[in-house]
Structures are given as C-alpha cells and as structure tokens.
Amino acid sequence: MMAAAVRSGHLSACSAFAYACAMPSSEQTIYLHGPSWLAGWLSNHAGAYPHSEERMQLAIELSAINVAEGTGGPFGAVVVDMQSGRLISAGVNRVIACSASMAHAEMMAITAAQQKLGCFDLAASDTPDCALFTSCEPCAMCFGALPWSGVRHLICAARDGDARAIGFDEGPKMATWRSQLEKRGITIQTDLCRADAVDVLQDYAKRQGVIYNGRHAA
Ligand SMILES: [Zn+2]
C-alpha cells in the first residue's frame, strides 16, 4: 500500500525517502540510473567523433532528448577519449528520477566513466585522455567535483548565466572558477555551440519544466 502511494505521488518526497530508508536491507545501496532510452542511444553512438563540435552536439542532443522524453532536466554531458574521439560515457540530468540532488548530467557522465573504467581517477596512468563535454557550464557542485574526478579537459556550451536566466540556481561558484581548474591542470573551452544549448534551455522553460533548485536559492 505504501509503495502504491509512492508511485501515485500521494506522498511527499521526504515521506517517500523515509519509506525507502525503512526498507529492510543488510547494506546501504545507492542507485543512480540513466533513462531507459540511454542504452540504445549509446549503442547508436559507438563510433569516433573527431571534432569538438560533433562531441558537443552529442551532449546537447542528450539534453534535448531528456526534455522531449520527460526524463529529467535540460542538461546533457559526455565523457570522450580526446585521442580516439570515442565516447566513454554519457549522462543526463536525473535529479528527480533518482531522488538524488547530485544527479546532474556531469556527475552522471563522470561517475559512469569512472565505473566503466573501474577507476575513481580519470587521470590515472592507464586511463584514456578524458574530456567532459557538457551542455552547460558546471554549477558549484559540479565545479567542485571536477578536480577529484581526474577529468583533464572541460568543454562547455551554455553559460551558467543561461541556466540562471530560466530559473536554475547554479550555486555559489567562485568568479575565478576557470583559473582554479586550470591551476589543477584542467584545460577549459567555453561557449562551444552555445546557441544550440540555450535553445534546449529555452524549450524546457516554455514547457514549464520543473526547476528543482535547492533551498534558499538566490
Ligand atoms: Zn551541476
């Protein structure tokens, strides 16, 4: 009965969480999962993508599909091997679907790459030269996660101001975020295919998509 109430949306998010915590379990297991269409999308994109614009268009395509399918927020990201041009992983925003505030597209793509390669450090000596292509600049959380991930290159489409313009809180990101990442050896490119990524953000706003901000967002 409780599960039915959760499925039908009769419980608040916190009640649903309390129910999940009450489930008998011998260990704590955390679930993060992509939408059902993502595996098929990945298998259709197994080739090499030599140009930066092509790689970014894949991240933007993911964001657009996520909006069209109603499977999450208007953000997409891919981790690419800079040398071969092949995709290592892909991620879309899954905050609501996974009941996880950290399930931003960048975090999903990075975590998927780390688990696929079997290493928490994407800069380890036996890993590919990993680049994160994201449809929007990282928020404060994703910015903080980048140095720990080992990703060596960051390429962004929309600016965080573009996300803020439709109501998203990007958090207290320092003004020097670019130089802070560069100091840690991460190369940065911004505004690549920005207009296409902004179109997806604007489409999400037009559809009145959920703005799932944290509390006390500015
Ligand atoms: Zn983020």
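Which ones in region 90-130 are within 12 Å of the ligand (Cβ to nearest atom), aliphatic (A, V, I, L, M) and assigned to a helix (DSSP H, G or I)? Within region 90-130, Ala105, Met107, Met108, Ala109, Ile110 meet the criteria. Test Ser149 against the stated conditions and say whether it is more than 14 Å from the chain's Cα centre (by Cα), hydroxyl-bearing (Ser, Thr, Tyr) and over 25 Å from Val67 (Cα atoms). Criteria not met by Ser149.
The single condition from (1) within 18 Å of the chain's Cα centre (by Cα); (2) within 16 Å of the ligand (Cβ to nearest atom); (3) part of a loop (DSSP other than H, G, I, E, B) that Leu192 fails is (2). Can you spot a residue in region 42-51 that is among the aromatic types (Phe, Trp, Tyr), closer than 27 Å to Val198 by Cβ and within 12 Å of the ligand (Cβ to nearest atom)? Checked region 42-51: no residue is among the aromatic types (Phe, Trp, Tyr), closer than 27 Å to Val198 by Cβ and within 12 Å of the ligand (Cβ to nearest atom). Pairing residues of region 129-154 that are under 15 Å from Lys183 (Cβ atoms) with residues that are at pLDDT below 95, at Cβ distances under 7 Å and at least 6 apart in sequence or on separate chains, gives Phe143/Lys173. Just to verify a result, which residue in region 134-182, among those that are closer than 20 Å to Met108 by Cβ and aromatic (Phe, Trp, Tyr), is nearest to the ligand (Cβ to nearest atom)? Here the residue is Phe143. Among the residues of region 62-88, the ones that are assigned to a strand (DSSP E or B) and crowded, with 24+ Cβ neighbours inside 10 Å come to 5 in all.
The values are calculated or read from the model by the stated rules, or taken from the named source; none is laboratory data. Since this is a predicted model, take the numbers as computed values, not measurements. All Cβ positions, glycine included, derive from the backbone under ideal geometry; neighbour counts span all protein chains shown.
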